[in-house]
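Visitor: Just dropping this structure here.
The values are calculated or read from the model by the stated rules, or taken from the named source; none is laboratory data. This one's a predicted model, so the numbers in the text were calculated from it and none came from an experiment. For neighbour counting, all protein chains shown are included, and Cβ atoms are generated from backbone atoms with ideal geometry for every residue, glycine included.
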Amino acid sequence: MLMFPKPHLPPLASDPKPPVHWRIGEHVAVIGTTGTGKTYLISKLVDFRENVVILRTKPDDIEFEGFREFRTAKCMEDWRNNRLLIRPKYEHQPSVVYEVLENVWKMGRWTVVVDEFFYVQRLGMMRSLERLLTQGRSKRISLVLGMQRPVQVTRFALSEISHLMAFRVEGRDLRTLKDSTHPDIFEPTKSLQKYQFMHYHVASKSTRIGTAQTLQQVLKRLPETLDDVMDIPQDSAIVIDEPRLLGIQRRRF
Ligand SMILES: Nc1ncnc2c1ncn2[C@@H]1O[C@H](COP(=O)(O)OP(=O)(O)OP(=O)(O)O)[C@@H](O)[C@H]1O
Ligand SMILES: [Mg+2]
């Protein structure tokens with residue numbers, strides 16, 4: 001058995017905090033009023049994942065590199081498609097979004113981006129979303145939820161989030177965020193500059209400030225196979241009972 005104990009040296013005051021893992025099955029909320037940079041940040045977040053489906057319900061100028069665009073959920077049946085952008089016709093939004101969320105649940109291992117959580121919630125998808133939020137982790141499903149105003153979405157959704165990324169928000173929205181996360185986010189979130197976000201990591205109760213350009217200093221990824229075999233709390237001693245497991249090949253679904 002190999003053991004790597006956690007180092008106990010205190011960090012130097014001038015050291016920036018090291019990035020935290022965004023682990024498979026952990027959900028992220030990206031919060032900010034219109035034009036603050038949510039979709040742009042999400043376009044960088046998806047680089048951290050292998051199997052991603054993006055639900056687009058409104059037009060904008062953000063490019064998702066390497067993603068193929070489709071109108072329906074059928075594209076998910078082809079296992080070679082692992083970077084999908086699904087933009088249903090307006091009149092088909094409820095049925096296509098429902099089908100995408102059902103497929104994600106059945107197949108597992110997807111990261112699902114819901115750019116406008118409030119809107120999709122209002123399409124009647126709350127039950128499907130709740131199931132993914134509460135039980136998705138065991139199936140290696142992560143949700144990335146974009147939202148303009150936290151007061152519009154259920155508290156429940158925020159309570160299931162592992163990473164909160166908030167651009168500058170004020171007033172009642174900021175109070176809602178503070179109440180559903182941690183009082184420490186209050187001051188830094190008020191003084192954020194343009195395109196800056198505050199990241200709050202629920203497991204360690206720690207905050208970081210970043211931009212889409214410096215995302216690597218806020219979040220890091222574990223290789224997915226490693227994440228599978230190391231389902232242990234972050235920051236605890238790393239114990240590897242079966243080093244050979246580290247060599248296993250990643251299976252899709
Ligand atoms: N970090 C950044 N650096 C440079 N430009 C940025 C950055 N973030 C966003 N932008 C630019 O700002 C504009 C608005 O960004 P974006 O569309 O991501 O905002 P949004 O929060 O998703 O808005 P909405 O709620 O209306 O969808 C875009 O043109 C985008 O290219
Ligand atoms: Mg947007």
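Visitor: Given the residues Asp184, Asp173, which is the only one that is surrounded by 14 or more Cβ atoms within 10 Å (Cβ to Cβ), modelled with pLDDT under 85 and farther than 27 Å from Pro94 by Cα? Spell out the reasoning first.
Guide: Numbers: Asp173 fails: modelled with pLDDT under 85.
Answer to the check: Asp184.
Visitor: Which numbered condition trips up Val153, out of (1) out of contact with any helix residue (DSSP H, G or I) (no Cβ under 7 Å at 6 or more places or on another chain); (2) within 16 Å of ligand 2 (Cβ to nearest atom); (3) at pLDDT below 90?
Guide: If we test Val153 against (1) out of contact with any helix residue (DSSP H, G or I) (no Cβ under 7 Å at 6 or more places or on another chain); (2) within 16 Å of ligand 2 (Cβ to nearest atom); (3) at pLDDT below 90, just (1) comes out false.
Visitor: Another one. Determine which member of the set Val120, Val104, Val96 is farther than 16 Å from Arg140 by Cα, away from ligand 1 (no atom under 16 Å from the Cβ), part of a helix (DSSP H, G or I) and touching a strand residue (DSSP E or B) at 6+ places or on another chain (Cβ under 7 Å).
Guide: Only one candidate passes the filter, namely Val96.
Visitor: Condition (residue is part of a strand (DSSP E or B), under 29 Å from Thr225 (Cβ atoms) and more than 19 Å from the chain's Cα centre (by Cα)) applied to the range 134-147: is it met by at least one residue?
Guide: Checking the range 134-147: not a single residue is part of a strand (DSSP E or B), under 29 Å from Thr225 (Cβ atoms) and more than 19 Å from the chain's Cα centre (by Cα).
Visitor: Residue by residue through the range 187-203, note down the ones that are surrounded by 14 or more Cβ atoms within 10 Å (Cβ to Cβ) and at negative phi. Don't jump to the end; show me each part of the working.
Guide: Filtering the range 187-203 down to residues surrounded by 14 or more Cβ atoms within 10 Å (Cβ to Cβ) leaves 188-189, 192, 195-203.
Pro188, Thr189, Leu192, Gln196, Phe197, Met198, His199, Tyr200, His201, Val202, Ala203, listed by residue number.
Visitor: Scanning for something without any contact (Cβ under 8 Å) to a residue 24 or more places away in the chain, surrounded by fewer than 17 Cβ atoms within 10 Å (Cβ to Cβ) and small (Gly, Ala, Ser), does the range 108-122 turn up at least one residue? Break it down stepwise before answering.
Guide: Initial filter on the range 108-122 (without any contact (Cβ under 8 Å) to a residue 24 or more places away in the chain): 122.
Of the ones still in play, those that are also surrounded by fewer than 17 Cβ atoms within 10 Å (Cβ to Cβ) are 122.
Now drop any that are not small (Gly, Ala, Ser), which leaves none.
The answer is no; no qualifying residue exists.
Visitor: Related question: Does Glu91 count as within 23 Å of Lys139 (Cα to Cα), part of a helix (DSSP H, G or I) and modelled with pLDDT of 95 or more? Quick ask: steps written out before the conclusion?
Guide: Values: within 23 Å of Lys139 (Cα to Cα): no; part of a helix (DSSP H, G or I): yes; modelled with pLDDT of 95 or more: yes.
It is false that Glu91 is within 23 Å of Lys139 (Cα to Cα), part of a helix (DSSP H, G or I) and modelled with pLDDT of 95 or more.
Visitor: How many residues, within the range 27-74, are among the hydroxyl-bearing types (Ser, Thr, Tyr), within 10 Å of ligand 1 (Cβ to nearest atom) and either surrounded by fewer than 14 Cβ atoms within 10 Å (Cβ to Cβ) or part of a loop (DSSP other than H, G, I, E, B) (or both)? Lay out the reasoning, then the answer.
Guide: Quick first cut of the range 27-74, residues among the hydroxyl-bearing types (Ser, Thr, Tyr) only: 33-34, 36, 39-40, 43, 57, 72.
Of the ones still in play, those that are also within 10 Å of ligand 1 (Cβ to nearest atom) are 33-34, 36, 39-40, 43.
Subsequent filtering for residues that are either surrounded by fewer than 14 Cβ atoms within 10 Å (Cβ to Cβ) or part of a loop (DSSP other than H, G, I, E, B) (or both) retains 33-34, 36.
Counting residues in the range 27-74 that are among the hydroxyl-bearing types (Ser, Thr, Tyr), within 10 Å of ligand 1 (Cβ to nearest atom) and either surrounded by fewer than 14 Cβ atoms within 10 Å (Cβ to Cβ) or part of a loop (DSSP other than H, G, I, E, B) (or both) gives 3.
Visitor: OK, next. The conditions are (1) touching a residue at least 40 places away in the same chain (Cβ under 8 Å); (2) in contact with a Leu (Cβ under 9 Å, 6 or more places away or on another chain), and Gly25 fails exactly one of them. Which is it?
Guide: Evaluating Gly25 over (1) touching a residue at least 40 places away in the same chain (Cβ under 8 Å); (2) in contact with a Leu (Cβ under 9 Å, 6 or more places away or on another chain) leaves (2) as the failure.
Visitor: If I go through the range 213-253 residue by residue, how many of them are at pLDDT below 50, in contact with a helix residue (DSSP H, G or I) (Cβ under 8 Å, 6 or more places away or on another chain) and part of a helix (DSSP H, G or I)?
Guide: 2
Visitor: Residue under question is Asp61, and the condition is that it be at pLDDT below 95 and within 16 Å of ligand 2 (Cβ to nearest atom); does it hold?
Guide: Numbers: at pLDDT below 95: yes; within 16 Å of ligand 2 (Cβ to nearest atom): yes.
Criteria met by Asp61.
Visitor: Considering only residues that are within 16 Å of ligand 1 (Cβ to nearest atom), of a type outside the set (A, V, I, L, M) and assigned to a strand (DSSP E or B), which ones fall in the range 198-212?
Guide: As a first pass, look at the range 198-212 and keep what is within 16 Å of ligand 1 (Cβ to nearest atom): 198-199, 208-212.
Subset that is of a type outside the set (A, V, I, L, M): 199, 208, 210-211.
Passing the criteria: His199, Arg208, Gly210.
Visitor: Starting from the range 132-150, keep only residues that are in contact (Cβ under 8 Å) with a residue 12 or more places away in the chain and under 11 Å from Trp105 (Cβ atoms), then list their pairs with residues that are buried (at least 21 other Cβ atoms within 10 Å of the Cβ) and not aliphatic (A, V, I, L, M) whose Cβ atoms are within a distance under 6 Å, requiring at least 6 positions of separation or different chains.
Guide: Correct list of pairs: Ile141/Trp110.
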